[in-house]
Every structure is written in C-alpha cells, then in structure tokens.
Amino acid sequence: MLTAGAVIGLVEVVLAVSFAALVYGGYLAQFLPNGIGLYLVAASLTLAILAWRAGSRGVVGSVQDAAAAVLAIVATNAALASFGSVDRAFLTVVAATLVVTLLTSVTFLLLGTFRLGSLARFIPYPVVGGFLAGTGWLLMKGGLRVAVGIDLEVRTLSKFIDSFALMRWVPAFGFGVILLVASRVVKRPLVIPAVIGIGFVVFAIGMLVTGSSLEEARTGLWLLGPFESTRLWEPWTFRAITGADWTAVLAQTPGIATAVFVAVLACLFNVGGVELLLHKDLDSNEELRDAGWVNAVSSLFGGIPGYHALSLTSLSVQMGADGRAAGLVAALVPLAAVVFGASVVGMIPRMVVGGALVFVGLSFIVMWLVDMRRSLPVGEYAIVVAILATIATKGLLPGLVVGLVLAIALFAVNYGRIDLVHEVAFGTTYRSNVDRPPDERATLQGLADRVQILRMNGYVFFGAASGLLERIRKREEAGGLRFLLIDLRRVTGMDASAALSFRKVAQLAEASGFELVLAGVPEASERQLTRAVAVASDGVVRFEQDLDRGLQWCEDGLLEGDGRAAEDPNDGPPVLPAHLEAYLERVVLPEGGVLLHQGDPPDDMFVLESGRLRVEMVTPEGTRMRLSTLRRGVTVGEIAMYTGAPRTAEVVAETPSIVLRLSRASLERLEAEEP
C-alpha cells in the first residue's frame with residue numbers, strides 16, 4: 001500500500017508540475033512556482049477527497065489533462081487582456097482557474113443530482129473523439145513550449161529549427177514518444193513511473209558526461225528553476241477575488257464554457273474506462289457527484305479540474321493496493337513537495353515535464369487517429385480528422401462548431417437512407433374491422449389499386465419527408481389514385497421541412513383529385529400538420545383517429561363511388577322469426593349510446609336489428625381500440641353469456657340502432673317452451 005501510494009503520488013507530482021508549466025509558462029513564467037504550488041495542493045486534495053469518497057470502489061483521482069489544455073488558452077488570453085501590472089495578470093489567471101473549476105464542480109453536481117449523466121452520451125462519438133484528439137494536439141504543443149519556451153505556430157517554425165531550440169525540444173519530444181511506445185508495448189502500469197525515473201537518471205548522466213553544472217543547467221533552460229521565490233503556496237485565490245481583472249475573465253466566457261464541456265466529456269469517458277478496468281458497473285451519476293465535491297474544494301485553492309484517473313487507477317489495481325488507502329498515501333507526496341519548496345521542484349528537468357505533456361497529448365492523438373481508424377466508419381473518422389485539423393489551425397471553438405455541424409450533416413445523411421415509409425397493400429391484410437358482406441369485400445378487392453397506404457415510423461425530417469413526397473408523386477403519375485392513406489401513429493415527431501412536405505402532398509391531392517387521409521396523428525404534431533395542410537380546400541384532407549377508421553373511410557368512399565352505398569344496410573327480411581318476439585326486449589340506442597361495458601357481468605345477449613355497433617377495447621393505458629364494426633343480423637355478447645366470463649369489450653352504437661335483448665331468464669324459458 002505504501003509503495004503503491006508513493007509511486008502514484010510521484011506520478012501525480014510530475015503531472016501537476018507539467019500542467020502548471022503549461023498554464024503559467026510563457027508570459028507568466030515568473031509566477032510559475034506559485035502556479036506549481038497551487039496545482040500541487042489541488043493534486044493532493046483531488047487524490048485525498050476522491051480516495052475518501054470513491055476509493056472503496058477502487059477509484060484513484062488526479063488533476064486532469066483535457067481541461068488543462070483548454071485552461072492554458074483561457075489563461076493566456078485572460079492574462080494578455082487584463083489591465084494593469086503583471087501581478088494583476090497573474091491574479092486574473094488564478095481567478096479564471098477558480099471560475100473554470102467551480103463551474104465544473106457545479107455542472108458535475110447538477111448532472112449527478114438530477115441523474116443526467118447519460119446526457120453526455122447523446123453527444124456524437126466522433127465529436128468527442130475529435131475534440132479529445134484536438135486537446136491532445138494542444139497538450140503536445142504545450143509540452144514543446146515548456147521545453148523550449150516558444151509557442152509552436154507557423155510564424156515561429158524557423159525558431160524551432162535553431163540549434164538552441166532543437167537541443168531542448170527534441171529530447172522532450174523524444175522522451176514523450178518513448179513514454180508512449182513503452183506504455184503501449186509493455187502494457188504494465190509501472191512502466192510510466194519507471195520511464196519517468198529513467199528520464200531523471202538519463203538527464204543526470206547527461207550532465208555528468210557533458211560536465212555541466214547546476215547553474216549552467218538553470219541558465220540554459222534545462223531545468224524548471226531557478227525561481228525567485230522559495231515558497232510554493234500562498235492563498236492566491238482569496239487575493240484574486242479582489243485583485244483580478246474580472247472584465248478580462250468574463251471576456252473568456254466561451255473558453256471557460258469549452259473547458260467545462262471538455263471536463264464533463266473526459267470525466268464520463270474516464271468513468272467508462274474505469275468500469276472496464278475494475279470490472280464493476282459504476283453509477284455515472286454517483287461518480288459525477290463525487291467529482292463535483294472534489295472540484296468544489298479544489299477550486300478554493302486555485303486547482304484545475306480533477307476527476308477519475310484511468311492510468312493511476314490501473315496502477316493501483318496492478319500493484320494490488322486498496323484504492324482508498326493508496327489514494328490517501330499518494331495525497332501526502334504532493335504536499336511533501338510543497339513543504340520542501342521551490343528549490344527542490346526547480347531541479348526537475350524541463351525535458352521530463354515537457355515530455356510528460358507530449359506523452360499525454362500523443363496518447364490522445366494516437367488513440368483517435370490510429371486506434372479508432374478500424375472501428376469508426378469512414379464518415380465518422382473524417383469528422384475526427386476535420387475537428388483535429390480545425391483545432392490545430394483555427395482554435396478550440398471553431399473545432400467544436402465544425403465537429404457538431406459535420407456530425408449533424410452525417411446523421412442527416414445516414415438517417416435519410418433509412419426507409420421510414422412502408423407501403424402496404426389495401427384490401428387484403430389491411431382492411432377495416434367493419435363487418436361487410438362477401439360481395440362488398442369482393443368489390444373492395446377489385447378497387448384495391450385506387451388506395452395507397454403508407455405507414456411512417458420514427459422522427460420525420462427533411463430527408464425522409466422528401467422521399468415520401470417523391471414516392472407519392474410516382475404513384476400519382478401512374479393514375480387511378482382515389483385515396484392516399486398515411487398512418488402516422490408510430491411517428492415520434494417532425495421538423496418544419498417535413499410539415500412543408502405534407503403541405504405539398506395536400507396541394508398535389510387537390511390538383512390531382514385524390515383525397516389525403518391522415519390517420520393516428522400524434523398530439524405533438526397535430527397542430528403543426530393542421531396548419532400545414534390548411535392550404536387545401538375542404539374534402540381534400542381528412543384526419544382520422546386511427547388506421548382502422550381511415551380504412552373504413554376509404555372503403556365507404558370506394559363503395560359509394562361503385563353505387564353500393566345507395567343501398568340501405570338496414571333493408572332486408574327480419575333478423576329473427578316473428579314467433580320469438582315474445583322472448584325479446586327491444587332496446588333503442590342513440591348514436592354513441594353504450595350497449596355493453598367492458599367488465600360487465602354476462603347476463604344477456606343481443607341481436608342487432610338495425611343500425612351499426614362498434615366493438616371497442618380499452619387498453620390498460622386508457623387507449624380505445626376498435627375491434628370491429630357490426631351490422632344488422634349480428635349476435636352480440638353470446639360467448640360471455642355461455643362461458644360466464646365478464647365482458648371483454650365495450651359495445652357502442654356507431655349510428656342510431658335498435659337491438660333485441662335476450663336475457664338469461666328468457667333464454668331458459670325459450671329452451672323450455674321451444675326445445
């Protein structure tokens with residue numbers, strides 16, 4: 001446990017120092033020891049608090065790289081935009097860091113408290129990959145800047161090939177590459193601290209071989225030091241509240257929001273990796289809440305966002321240490337570095353610090369450009385490359401915008417290829433539940449080609465809607481279309497362009513002389529569709545409650561056109577012999593009157609003498625479903641009367657109707673008198 005904690009703590013010290021050099025280097029280089037002190041304290045708090053809250057699950061925390069890369073840009077811009085002395089610029093950077101980490105804490109806590117951790121999964125995967133790859137580029141660039149003191153840009157390329165610069169950034173870049181190769185080839189958690197240790201040894205041997213003194217190493221930019229101050233930590237955050245240029249901080253709102261966004265993405269990404277590593281199903285909302293409390297405390301001490309560390313958790317697991325104990329021991333190591341002061345930290349070679357940043361950055365880039373090449377489709381992989389290229393040339397925010405636009409476009413193209421419209425045949429399987437005589441069924445079968453039935457599914461947007469319009473146009477050009485029935489029951493929603501397509505269908509129906517029947521329109525889309533098709537004149541567009549009623553409307557229209565509807569369905573001989581009237585009770589039902597209720601006791605049966613009855617069933621969700629429509633001469637309720645089971649459906653008069661009631665007592669009398 002002690003060994004594992006010490007190793008984890010030493011790695012965390014290198015990471016904290018590297019991130020501090022990334023954020024506080026360059027323009028604020030004189031405040032680098034102060035930045036290192038802030039980040040070492042934050043690293044200790046992150047290790048300790050996450051060990052206490054999540055260590056029992058095996059989790060080890062760390063200050064994190066992804067947010068540090070974005071924060072470095074925010075810090076540089078805030079420092080340059082601040083008004084006043086360089087001291088005020090430093091306090092402005094501390095204030096910006098406080099805001100980023102505090103907002104990250106609030107975001108984590110809100111997502112975890114309201115159980116919204118899964119929302120991040122709705123962000124397109126290639127956008128996440130491209131953004132993390134772009135973050136890797138910024139980290140790698142920052143590592144080179146730490147090593148040589150120059151930002152890697154097009155205008156500074158000539159400085160990077162100068163012999164002085166080459167001697168400093170090439171070893172740092174090479175050290176980062178060695179770290180990357182070693183971690184990918186050996187695949188043991190101890191390889192990273194081992195290679196870092198070897199890096200220190202090699203640097204010391206190099207100094208001995210070249211005969212360089214410590215003073216020469218300091219003046220030659222080989223070491224982080226010397227520092228003017230020997231104290232690493234002071235309560236800078238409290239001074240920043242009154243001493244920072246808050247106008248400059250507010251001007252970095254887009255960058256601050258981006259830093260929080262990256263922190264949320266990277267945290268959830270790491271939680272998923274920790275789950276696989278520990279073989280446990282972690283509650284992402286609980287993990288977010290724990291990370292939220294970590295950042296709430298860390299922000300007060302000027303720390304950068306911290307959360308679950310995949311590499312350090314792996315190190316703890318492989319060394320057989322308890323996550324809580326190892327994390328608590330590891331938290332003592334950064335504190336010890338603060339206690340020993342700037343003189344010790346200043347002895348750390350820039351090659352190691354810059355190389356560590358190069359390693360982390362290259363890890364992101366290789367993961368998303370090399371490892372994911374085989375698993376991502378070509379279109380999604382192109383999005384990753386495009387985001388990385390945009391971040392490298394234009395910046396983080398343009399890269400995010402480009403990624404989201406490309407992801408939406410790719411989704412639209414792929415979703416548009418899915419056939420959300422299914423055409424089904426009218427007259428065979430798809431016919432209404434109205435009880436019709438055989439000759440009417442035969443007539444409808446002969447007129448089947450005059451009805452087109454389309455069933456739509458899912459969310460209808462411009463891609464699917466344009467395909468629907470094209471299909472209808474082709475059918476209309478074939479001629480003979482009398483009814484177009486579109487079933488929308490399975491549609492979850494539609495955009496404005498889809499509604500416009502339905503308007504064009506209504507206009508086409510009016511011009512071509514067929515009727516558009518829209519069945520099962522969801523409530524969410526009903527008003528939108530009603531407004532869209534209002535351009536058509538009356539008798540062109542009809543809304544029906546469900547597909548069954550839509551089919552009935554089409555059938556009635558076809559029969560009326562064939563001359564069948566002129567016949568009165570109630571005409572004909574009596575439904576029962578006259579001598580049975582003494583046993584029957586005549587019941588008159590108005591339209592909408594209920595003859596039988598679902599669940600009623602089965603005490604009688606009925607014969608429909610005239611009118612039309614509708615058999616309905618009410619689902620557990622309260623939805624009414626029409627099972628059939630009955631016409632004169634049909635017996636109702638006889639099965640339940642004989643079996644004794646409660647009524648399984650509700651029977652309602654669809655038109656004014658007359659039924660003949662036969663009670664159980666009358667039936668028994670009939671059996672006795674008319675055996």
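The values are calculated or read from the model by the stated rules, or taken from the named source; none is laboratory data. The structure presented is a predicted model; accordingly, all values stated were derived computationally and were not measured. We place every Cβ from the backbone using ideal geometry, glycine too, and count neighbours over all the protein chains shown. Remember, those area values only see protein heavy atoms, side chains included, never the ligands or the DNA or RNA. Shrake-Rupley method; radii C 1.70, N 1.55, O 1.52, S 1.80 Å.
Scan region 89-106 for residues that are in contact with a helix residue (DSSP H, G or I) (Cβ under 6 Å, 6 or more places away or on another chain) and open to solvent by 40 Å² or more (accessible area, probe 1.4 Å) and the total you get is 2.
Each residue in region 238-255 was checked for being under 15 Å from Gly302 (Cα atoms) and assigned to a helix (DSSP H, G or I), and 7 pass.
The single condition among (1) at pLDDT 90 or above; (2) open to solvent by 10 Å² or more (accessible area, probe 1.4 Å); (3) over 20 Å from Thr428 (Cα atoms) that Ala509 does not satisfy is (2).
Rundown of residues vs (1) among the β-branched types (Val, Ile, Thr); (2) in a helix (DSSP H, G or I), yes/no style:
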{"residue": "Asn270", "(1), (2)": "no, yes"}
{"residue": "Glu275", "(1), (2)": "no, yes"}
{"residue": "Ala291", "(1), (2)": "no, yes"}
{"residue": "Asn295", "(1), (2)": "no, yes"}
{"residue": "Val329", "(1), (2)": "yes, yes"}
{"residue": "Pro334", "(1), (2)": "no, yes"}
{"residue": "Met347", "(1), (2)": "no, no"}
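Only one of the listed residues (Gly355, Gly379) is among the small types (Gly, Ala, Ser), on the phi < 0 side of the Ramachandran plot and buried (at least 24 other Cβ atoms within 10 Å of the Cβ). That residue is Gly355. Any residue that is in contact (Cβ under 8 Å) with a residue 12 or more places away in the chain, among the small types (Gly, Ala, Ser) and open to solvent by 30 Å² or more (accessible area, probe 1.4 Å) - is there at least one of those in region 260-267? Checked against the condition, which is being in contact (Cβ under 8 Å) with a residue 12 or more places away in the chain, among the small types (Gly, Ala, Ser) and open to solvent by 30 Å² or more (accessible area, probe 1.4 Å), region 260-267 yields no hits at all. When Val384 is tested against (1) under 37 Å from the mean Cα position of the chain (by Cα); (2) outside any helix (DSSP H, G or I), exactly one condition is not met: (2).
Quick one: is Leu91 of a type outside the set (Phe, Trp, Tyr) and in contact with a Phe, Trp or Tyr (Cβ under 6 Å, 6 or more places away or on another chain)? Here the answer is no, as Leu91 does not meet what is asked. Of the helices (runs of 4 or more DSSP H) that lie entirely inside region 117-208, those containing 1 or more residues that are charged (D, E, K, R) and open to solvent by 60 Å² or more (accessible area, probe 1.4 Å) span 157-160, 163-186.
When you scan region 613-635, do you find a residue that is more than 29 Å from Arg549 (Cβ to Cβ), over 54 Å from the mean Cα position of the chain (by Cα) and modelled with pLDDT under 85, even just one? Within region 613-635 (the criterion being more than 29 Å from Arg549 (Cβ to Cβ), over 54 Å from the mean Cα position of the chain (by Cα) and modelled with pLDDT under 85), the answer is no, since none of the residues qualifies.
No other residue among Val63, Val23, Val59, Val41 is surrounded by fewer than 24 Cβ atoms within 10 Å (Cβ to Cβ), at pLDDT 90 or above, within 35 Å of the chain's Cα centre (by Cα) and among the hydrophobic types (A, V, I, L, M, F, W, C) apart from Val41. Filtering region 48-85 to residues that are part of a helix (DSSP H, G or I) and either touching a strand residue (DSSP E or B) at 6+ places or on another chain (Cβ under 6 Å) or hydroxyl-bearing (Ser, Thr, Tyr) (or both) leaves Leu50, Ser56, Thr76. The one condition from (1) touching a Lys or Arg at 6+ places or on another chain (Cβ under 9 Å); (2) open to solvent by 10 Å² or more (accessible area, probe 1.4 Å) that Glu215 does not meet is (1). Taken over region 501-521, residues that are over 36 Å from the mean Cα position of the chain (by Cα) and polar (S, T, N, Q) amount to 2. Cβ-Cβ contacts under 9 Å between residues 6 or more apart (or on different chains), taken from a first residue in region 420-449 that is under 13 Å from Asp487 (Cβ atoms) to a second residue that is in a loop (DSSP other than H, G, I, E, B) and open to solvent by 20 Å² or more (accessible area, probe 1.4 Å), are listed as Phe426/Leu447. Looking only at region 225-237, decide whether some residue is of a type in the set (A, V, I, L, M, F, W, C), part of a helix (DSSP H, G or I) and surrounded by 14 or more Cβ atoms within 10 Å (Cβ to Cβ). Yes, region 225-237 has at least one match. Figure legend. Inter-residue proximity from region 391-411: first residues assigned to a helix (DSSP H, G or I), second residues surrounded by fewer than 16 Cβ atoms within 10 Å (Cβ to Cβ) and not aromatic (Phe, Trp, Tyr), beta-carbon distance below 6 Å, spacing 6+ or different chains. Indicated pairs: Leu397/Pro254; Leu410/Gly379. In region 528-556, which residues are at pLDDT below 85, open to solvent by 20 Å² or more (accessible area, probe 1.4 Å) and assigned to a loop (DSSP other than H, G, I, E, B)? Across region 528-556, the qualifying residues are Ser537, Asp538, Gly539. Figure legend. Inter-residue proximity from region 5-18: first residues part of a helix (DSSP H, G or I), second residues of a type in the set (Ser, Thr, Tyr), beta-carbon distance below 7 Å, spacing 6+ or different chains. Indicated pairs: Ile8/Ser316; Glu12/Ser62; Leu15/Ser62; Ala16/Tyr39.
Rundown of residues vs (1) surrounded by 21 or more Cβ atoms within 10 Å (Cβ to Cβ); (2) acidic (Asp, Glu); (3) out of contact with any Cys (no Cβ under 7 Å at 6 or more places or on another chain), yes/no style:
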site: His308; (1), (2), (3): yes, no, no
site: Met319; (1), (2), (3): no, no, yes
site: Gly327; (1), (2), (3): yes, no, yes
site: Val344; (1), (2), (3): no, no, yes
site: Pro349; (1), (2), (3): yes, no, yes
site: Val401; (1), (2), (3): no, no, yes
site: Ala409; (1), (2), (3): no, no, yes
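Taking region 509-527 as the range and being over 21 Å from Arg475 (Cβ atoms) and not in a loop (DSSP other than H, G, I, E, B) as the test, the residues that pass are Glu523, Ala524, Ser525, Glu526, Arg527.
With respect to Ala4, determine if the residue is under 13 Å from Gly303 (Cα atoms) and open to solvent by less than 10 Å² (accessible area, probe 1.4 Å). It is false that Ala4 is under 13 Å from Gly303 (Cα atoms) and open to solvent by less than 10 Å² (accessible area, probe 1.4 Å).
Checking each residue in region 639-675 for being under 56 Å from the mean Cα position of the chain (by Cα) and among the hydrophobic types (A, V, I, L, M, F, W, C) picks out Ile639, Ala640, Met641, Ala645, Ala649, Val651, Val652, Ala653.
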